[in-house]
Amino acid sequence: MSTPQHPLVLGIESSCDETGIGIVRGTQLLANTVSSSMDEHVRFGGVIPEIAARAHLEAFVPTLEQALAEADVTLEEIDAIAVTSGPGLAGALMVGVAAAKALALATGKPLYGINHLVAHVGVGVLEGSVLPPTFGALLVSGGHTEILKVTSLTNDVQLLGATIDDAAGEAYDKTARLLGLGYPGGPAIDKAAKDGDKKAFRFPRGLSLPKFVGSAEEPGKHRNNFSFSGLKTAVARCVEHFEAAGEPIPVADISASFQEAVVDVITSKAVRAMQENGLKTLLLGGGVAANTRLRELLAARCASAGITLVVPPFSLCTDNGGMVAALGAQLVAAGAEPSGLDFATDSSQPVTNIVLEPRS
Amino acid sequence: MPNYLSIDTSAHASVALIDSQTGAVLGERTSPRGNDQTETLAGFVRDLLAEHQQVGAELAGIIVGVGPGPYTGLRVGLVAARTFGFVWQVPVHGVMSLHALAERVLDTEHVPAEFVVASDARRKEVYWAKYDASGELLDGPHVATAATLPALPVYGVGASLYPEQLAEAGAHGVEESLDWIAQAAELGWRGIKDLAKGVDLSDTSPQYLRESDAQVPAFMKKDKA
Ligand SMILES: [Zn+2]
């Protein structure tokens, strides 16, 4: 049974290349169906927005049907619908939002347009996980690299730091291309790095110079921010160097050293941000959460800083509808006002905007 | 009598409620803008249904424009129509969007023996199709530059965009039609007529007419080589 504190919510996600529909009752995950167009992007070495948007259109109704069957619920039983309104790829977001509005209108259910990044954090409440009232989150994926401070999932989330150029996952994809390792780059480099020496090359840690970082008392402008474009260039130069010398490219060593540069800067900045904001718990989200070296180093650094690290199951870390439903259920239980049917997508929706206000 | 809900987003967001027996348009809404389909479509449908006390599940069906048209807007109408059909359990019929312009030509005083309708395909091209005086589709839909159109009268906003190229092709835009865009009312009427003739409209695949545009990057080709 759904109760006001445990509403039955259907969540829709279409911000990138996954069409996700999840169904949650309170904090219990009933279904999490994902249809991915990833295979269609492989030959391009990255997500092509138009291909993703075309796939969302074809996948929407079949994915919805499958999720309802899996959860064994009917549309009449659903209390509310939540949809990712941003941030994400505009053309992809519009398919999910248009579908969500049609679904809400046709069923007469209230609709909530919610923030994709906060939804990544929302999975932390699922399946009996108990989070403290205030905690931090580190999101790392093909589309984002962010550090968040969560004071309340439903009305107070702050951005502590983010990438100023590429997302970490993008840096992985681009480096994998350079090394001829294929797409997606994250798992490919993670695998190649296993046989490599992470100290073979010293690649730059972006925005780590004192002028960017400052001190705890006088923080620099980019204390908690990331940059991966310099790293990408350094790897490219390294590859060119071996090519010009006619020597074989040491793929394993470059992979391991690149990965170490990414993971080192992400984990050290995230842990420092937790400490300086008095946060004792860190939730890891996003597709790169599957990366073995990231998990290993983050776990070690959190442990020595006395921070509890929470890593949801991988299927909840990548983009999915369950996370949208999870945050939606929190919002419904907290009495948030629905967004109505007239809102627009916001491809750069800030984390402070957790749920869209209805347009007057 | 049950009514049809007609939706077309190949140009602007456009919605109509049509009597299935008489073809009378009971109500319609078309956005004055071409880039707000996501914001406006659901609200248009909500208002139209409410004004006519129309229960979604009691519709005769949904008629939806399958394009051609700019992709992002086009998908909004298609995903909405398919979702309405799924929830209300009513059939969804796909109609090529340029038919809506052709229907409007048939309503004019002097219908040429053959004519062309054209809409804006962006990227210096138009979507076009050729019809006879009865509204039968003779050729199309295509996407091409205006210079390649048949030497016939051309109707629709697509005829206003590249007048020099049109003249080059020996075609000419029909003055009264130069601001015409596809509208759900005319699209729906075409759908009702085609259904009565037994035309199969079960396919609601979008008419993109162009590939997804993605080029395989040079470095990926190099890898394959
Ligand atoms: Zn994401």
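Details
- In this label model, B:L138 and A:K221 are separated by 6.4 nm, measuring between points 7 Å along each Cα→Cβ vector.
- The aspartates and glutamates within cross-link reach of A:K149, meaning a Cα-to-Cα straight distance under 14 Å and a gap of 8 or more places when in the same chain, are A:E276.
- With R₀ set to 51 Å, the beta-carbon distance separating A:Q66 from A:Q275 gives a calculated FRET efficiency near 0.70.
- The DSSP beta bridges internal to segment A:135-311 are antiparallel in roughly 60% of cases.
- Among A:N224, A:N277, A:N115, the largest mean-square fluctuation in a Gaussian network model of chain A, built with springs joining Cα atoms closer than 10 Å, belongs to A:N277.
- Loop-located trypsin sites (Lys or Arg not before Pro) in segment A:220-271 (DSSP state other than H, G, I, E, B) with a sparse environment of at most 16 neighbouring Cβ atoms within 10 Å: A:K221.
- Considering only the protein assembly as shown, percent of DSSP beta bridges that pair antiparallel, nearest 5: 65 percent
- Cα centroid separation, segment B:167-217 to segment A:89-153 (Å): 37 Å
- Set of segment A:331-358 residues, backbone N closer than 19 Å to the point 7 Å along the Cα-Cβ line of A:N155: A:331-340, A:351-358
- Across A:K211/A:K232; A:K174/A:K211; A:K174/A:K221; A:K198/A:K280; A:K109/B:K130; A:K191/A:K269, pairs whose alpha-carbon gap is larger than 32 Å: A:K109/B:K130
- Spacing of the two label points (7 Å from each Cα toward its C-beta) at B:A57 and A:M38, in nm: 3.9 nm
- Residue among A:D253, A:D72, A:D156 with the largest mean-square fluctuation in a Gaussian network model of chain A, springs linking Cα atoms under 10 Å: A:D72
- Chain B: antiparallel DSSP beta bridges as a percent of all, rounded to 5: 65 percent
- For segment B:4-53 versus segment B:84-144, the gap between their alpha-carbon centres in whole angstrom: 18 Å
- Max mean-square fluctuation residue, GNM over chain A, Cα-Cα springs under 10 Å, options A:A31, A:A67, A:A344: A:A344
- With all projection directions averaged, the alpha carbon convex hull of segment B:114-193 covers 5.0 nm².
- Ratio Rg/Rh [Cα only; Rh per Kirkwood] for segment B:48-122: 1.07
- Rounded to the nearest 20, the Cβ-based charge dipole of chain A about its Cα centre (Lys and Arg +1, Asp and Glu -1) stands at 1100 debye.
- Rg/Rh for segment B:1-99, where both radii come from Cα atoms and Rh is the Kirkwood radius: 0.93
- Rounded if a/c under 1.5, otherwise prolate or oblate - segment A:227-291, Cα gyration tensor axes: prolate
- Taking the Cα atoms of the protein assembly as shown, the ratio Rg/Rh between the radius of gyration and the Kirkwood radius comes to 1.04.
- Cα principal axis extents for chain B, largest first, Å: 55, 54, 33
- With the simple model of a label 7 Å out from the Cα in the direction of the Cβ, B:D47 to A:A244 spans 6.4 nm.
- Whole-angstrom gap from segment A:1-71 to segment A:306-360, using each part's C-alpha centre: 14 Å
- Basic side chains Lys and Arg get +1 at the Cβ, acidic Asp and Glu get -1 at the Cβ, and with that the dipole of chain B about its Cα centre reaches some 940 debye.
- Average Cα contact separation per residue, chain A, under 8 Å, 6 or more apart, as relative contact order %: 26 percent
- Counting Cα-Cα pairs of segment A:135-311 in 10 Å increments starting at 0 gives whole-percent bin shares of 10, 39, 34, 14, 3, 0.
Laboratory data are not the source of any read-out in this text; all were calculated from the coordinates shown. The structure presented is a predicted model; accordingly, all values stated were derived computationally and were not measured. Virtual Cβ from ideal backbone geometry, glycine too; neighbours counted across all protein chains shown.
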